[in-house]
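Contents: one structure, followed by commentary.
A short reminder: the numbers here are calculations on the coordinates, not readings from a lab. Quick caveat, the model's predicted, so the values are computed rather than measured. Here the Cβ is made from the backbone with ideal geometry for all residues, glycine too, and neighbour counts use every protein chain on show.
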């Protein structure tokens, strides 16, 4: 069987599983709903805040759009497929696939790649829908591409650190919460804000903010983000492999 | 078909090897049983042979090629029925099997065909999450021979099944064997092994103690005798006679003229042989 034929079968199976689970369908659509809410809600909120409290929200538009474009799309699609990976681990389907022409290595590569491929479309779509605080098209697309790494990281984090669906919800909240921590950097002066660089998503947020402000150095942060997020993804993949092999 | 020499495997972090110095051969077209109590090393051995465990030492040759030289194409020829069911629960039985069918380059059975064989014809379009454990086990078994494997690994294939379905499974194994499939059966069910296996290997504490045909073992370790129980005024009396020269044994013939309550051959069971050979009970 060709890799393409095997992938097609896996995609069809995933579509059936997600379509039969309301929660997963809801999570998948959540990033779009949030992007729409940002597009129509944030500018109105900005007007209210300025009129009633004299607070200017506009300088923080890039903060909001970076979160929607780089974390929501990747994070949600990553978590949905993380649920499927966890289920495959829980129900031992991974074992059955491992002794089929799919093999464990192919299945895991597919499972990590799929959320990233979906995020490739979802990230710029969320940015476009949100429509505020965006950088120019070049950096927007480049950062959306690097941002897909977070989708794979979210998938592996959920399937590695949760042993069942109940724990998965806790891990899901942890992933969502942790991904917001680097946003605090926006309120910190340099170089102190580089401490947030311990959280790899920070570098992409930083690149986004710099690009949205018209800065030319955004690509440096993007490269650091690509390297740190790739290292994190590889580390998570090794952890998951060890977990599955230990269980077998 | 399968040749294993000096096979060792130790789980990461374990002090003792799970299997040590294992060596046996599985001939083409036979049903070979690996028998032993829980924790003896049966599943570990199967884990190595089906490519799920890495880091083993020794030599394993399958279908004429070292195991290490096989890639994903190994599974075009190998089928595995796990002891624990493992299915996509949100999919129906048909969808599960159709998905796995789509993975093989070779000709496969249709989902409906194998489901009918294992008695799940009425549950083809039922989601597996609604199946009982026994139904899931039968689905696992059905999936394992969808692609007509040449080498078929069965791990406790009748566990959790009622007698009718267990017999059905045995019949399917015999049928596949008649069509040329080589079977490696892992079980602690001695009756199943005695019924199906051409040869068995007793494994205890990770070591293979003996490999032989069940009949040979039973002859070697059993008593060749017949026990006759007769009615007496006070109850019953047992008489035991050697099978050698039984037709000319006048005492035996005289006993038969009494009121006979029962006659039993004293042939031993495979379980008794296992206990004699290994000194271990099958728990």
Of the candidates A:140, A:57, A:149, which one comes out as most mobile in a Gaussian network treatment of chain A with C-alpha springs shorter than 10 Å? A:57
Could you let me know the centre-to-centre spacing of region B:149-196 and region B:236-283, using Cα atoms, in angstrom? 29 Å
Roughly what would the spin-label model give for residue A:49 and residue A:219, points 7 Å off Cα along C-beta, in nm? 3.3 nm
Stretch residue B:223-residue B:257 to full length: gain in nm at 0.36 nm per residue minus the Cα-Cα span? 9.8 nm
Nearest 5 is fine: what % of DSSP beta bridges in chain B come out antiparallel, could you say? 65 percent
Roughly what % of DSSP beta bridges within the protein assembly as shown run antiparallel, to the nearest 5? 65 percent
Go ahead and set up a Gaussian network model of chain B, Cα springs under 10 Å, then flag whichever of B:36, B:235, B:58 fluctuates most. B:235
Between residue B:124 and residue B:28, take the C-beta separation as r, use R0 = 25 Å, and let me know the FRET efficiency to the nearest 0.05. 0.15
Counting alpha carbon pairs within less than 8 Å and at least 6 residues apart, what relative contact order, in whole percent, applies to chain B? 22 percent
Classified through the alpha carbon gyration tensor (a ≥ b ≥ c as square roots of its eigenvalues; rounded if a/c is under 1.5, else prolate when a/b is larger than b/c, else oblate), region A:106-170 comes out prolate
Using the number of other C-beta atoms within 10 angstrom as an exposure proxy, rank A:196, B:197 with the fewest first. A:196, B:197
Residue order, fewest to most beta carbons within 10 Å, for B:176, B:170: B:170, B:176
Suppose R0 equals 25 Å. What FRET efficiency, 1/(1 + (r/R0)^6) with r the Cβ-Cβ distance, do residue B:237 and residue B:191 give to the nearest 0.05? 0.25
Any idea how far the Cα center of region B:44-73 sits from the one of region A:55-82, in Å? 47 Å
From the square roots a ≥ b ≥ c of the eigenvalues of the alpha-carbon gyration tensor of the protein assembly as shown, which class results: rounded (a/c under 1.5), prolate (a/b over b/c), or oblate? prolate
Mean-square fluctuation check for chain B, GNM, Cα pairs under 10 Å: which of B:114, B:31, B:216 is largest? B:216
Just to confirm the number: angle between the C-alpha axis of helix A:218-247 and the first principal axis of chain A, 0 to 90 degrees, nearest 10? 30 degrees
What angle do you read, to the nearest 10 degrees and between 0 and 90, between the alpha-carbon axis of helix A:149-161 and the longest principal axis of chain A? 50 degrees
Estimate the FRET efficiency between residue A:4 and residue B:68 by the formula 1/(1 + (r/R0)^6), using the beta-carbon distance for r and 41 Å for R0, to the nearest 0.05. 0.90
State, to one decimal in nm, how far the label point of residue B:281 lies from the label point of residue A:176, with both points 7 Å from Cα in the Cβ direction. 5.5 nm
Taking the Cα-to-Cβ direction at residue A:169 and at residue B:106 and moving 7 Å from each Cα, how far apart do the two end points lie in nm? 4.6 nm
Taking only Cα atoms, what is the 0 to 90° angle, nearest 10, from helix B:163-178's long axis to the longest principal axis of chain B? 70 degrees
Just rank B:77, B:264, fewest to most, by other beta-carbon atoms within 10 angstrom. B:264, B:77
